[in-house]
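Okay, structure first, notes after.
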Amino acid sequence: MISIQKLHCDFPQFKDLVDAYIPPFVIIPLKNADGELCTSKVAENTRVSEGEIIAQNTKSSSAIHSTVPGIVTGYRTVSIPNGKKTNALIIRTDGSFSYLGRNLPVTDWRKYSAADIWSLMYDKGVISTFEKTRSMASMLKVFSEKRDISRDSILVVRLFDSDPTVRTAEFLSERKLDQIIEGAAIVARSIALHKIAFIVSGKSKEVTEKVKSYFCQSMSDEWFVYKAATDIYPSGGYRELKMLLNKNKCVFDEMIAIDAEAAFTTYEAVALNKPVLEKYVQFSGSPLVSERIFRVRVGTPIRKLVEECGGFKQSVYKIVTNGLIKGTAVSDLDTPVTADLKSVTFLPRKIIPFQKQVNCIRCGNCHRSCPKKIQVDKLFSYYYFHTETNQKIIDMASECTECGVCDTACPARLPLAQTISLLKGGIK
Ligand code: SF4
Ligand code: SF4
């Protein structure tokens, strides 16, 4: 583990939420949460309503919605925030909104079965972004099917982002805590769990009070609130959260984890019957005139949000989505906001001085900073230069959690975590 100060990154702070303008058009990629390409149900020049399902492979896969009312003007291949390209639908905003500005009635979700809850999750496009993006309902179904009911299981809800350069989850948790708690209760019900742990990075008192007041009526549910040591990295991965629970003597056999956003969107989908139409996204980095956290329509091009930040005051060298540690570099400002986008960071040239890859300088930072104490430099030379390496060191590659710390610590900018991942996969 490494102190986050040693990561030499900016950790922006935000006070206010900014509601982004409704864009004149949205770009809706036709890939669902599980990465499957979906066939559009709507033809060009068709009118669509806000929240209408425009693509869904089967009833047991995540639906894709139009996030504005409007007219389908065509299809285009676009870059998406994970660095890939896909086919997308372009919808010009036009007409009246079905959800925006309305007070939606809260349904009594307690009368729903697990199947009802999962069906709503598929229908409303709820996704899980804990460690990787996937359909929330599919993830819960798999857990439920594999679960040994004689074993004691726990749902863990992480209220901060695992990448310390991203503040979106913390920001959302400060403002939507009641809904997140209720969303977690819905998730727990759908997989018949009665133990929930909320993991916070900051003020645990307010979270404890709210969780206590929510669950005070329930005799069967057990709840916990623990504070993670977010001044070190990694502190929010599955393994670290499990260790935190063990350290606090929380007794359980199996654990499933979700993030704050998954709990929040579950609440909106199941209790309010609302599809995932908006996202909370952090826009940061010194080239921007102002840094912001937006509530924004899914499908809005990044370019529009840069304009709302006042544009750039210096040239941008790199655009990174979803955090500086494990994020992806993108190059197209017309990349749309997607349901799994949490942050967009703009980097100027001067803060990435070692961008050019050089030879290993044998500083030992990678080995020292690796939470598993893997001899990363040796494995790198083994993989690329076939250097003689002890089998014990090679076998340690299988313990790599792909946390990315070694990449951040390496002054030579060698692609270390990526190399270990190739070694693990046996690809060469
Ligand atoms: S990515 Fe793997 S090798 Fe690199 S620090 Fe993390 S656990 Fe260690
Ligand atoms: S941190 Fe980078 S430069 Fe330093 S020993 Fe490891 S691989 Fe080599």
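The values are calculated or read from the model by the stated rules, or taken from the named source; none is laboratory data. Since the structure is predicted, the reported quantities are computational estimates derived from the model, not experimental observations. Cβ: placed from backbone, ideal geometry, glycine included. Neighbour counts: every protein chain shown.
For residue 232, state whether it is within 21 Å of residue 182 (Cα to Cα) and of a type outside the set (Gly, Ala, Ser).
no
So, in segment 59-72, of the ones that are in contact with a helix residue (DSSP H, G or I) (Cβ under 9 Å, 6 or more places away or on another chain) and part of a loop (DSSP other than H, G, I, E, B), which residue ends up modelled with the highest pLDDT?
That would be 63.
Residues that are modelled with pLDDT under 95 and crowded, with 24+ Cβ neighbours inside 10 Å: list the strands (runs of 3 or more DSSP E) wholly contained in segment 164-277 that include at least 2 such residues.
none
Check off (1) closer than 28 Å to residue 109 by Cβ; (2) in a loop (DSSP other than H, G, I, E, B) for residue 314 and give me the number that stays unchecked.
Going through the list (1) closer than 28 Å to residue 109 by Cβ; (2) in a loop (DSSP other than H, G, I, E, B), residue 314 breaks only (1).
Just to be sure, is residue 369 within 16 Å of ligand 1 (Cβ to nearest atom) and at pLDDT below 90?
Spelling it out, residue 369 is indeed within 16 Å of ligand 1 (Cβ to nearest atom) and at pLDDT below 90.
Inside segment 372-393, can you point out the residues that are modelled with pLDDT of 90 or more and not in a loop (DSSP other than H, G, I, E, B)?
Residues satisfying the conditions are 376, 377, 378, 379, 380, 381, 382, 391, 392, 393.
Please find, among 75, 99, the residue that is part of a loop (DSSP other than H, G, I, E, B) and at pLDDT 90 or above.
99
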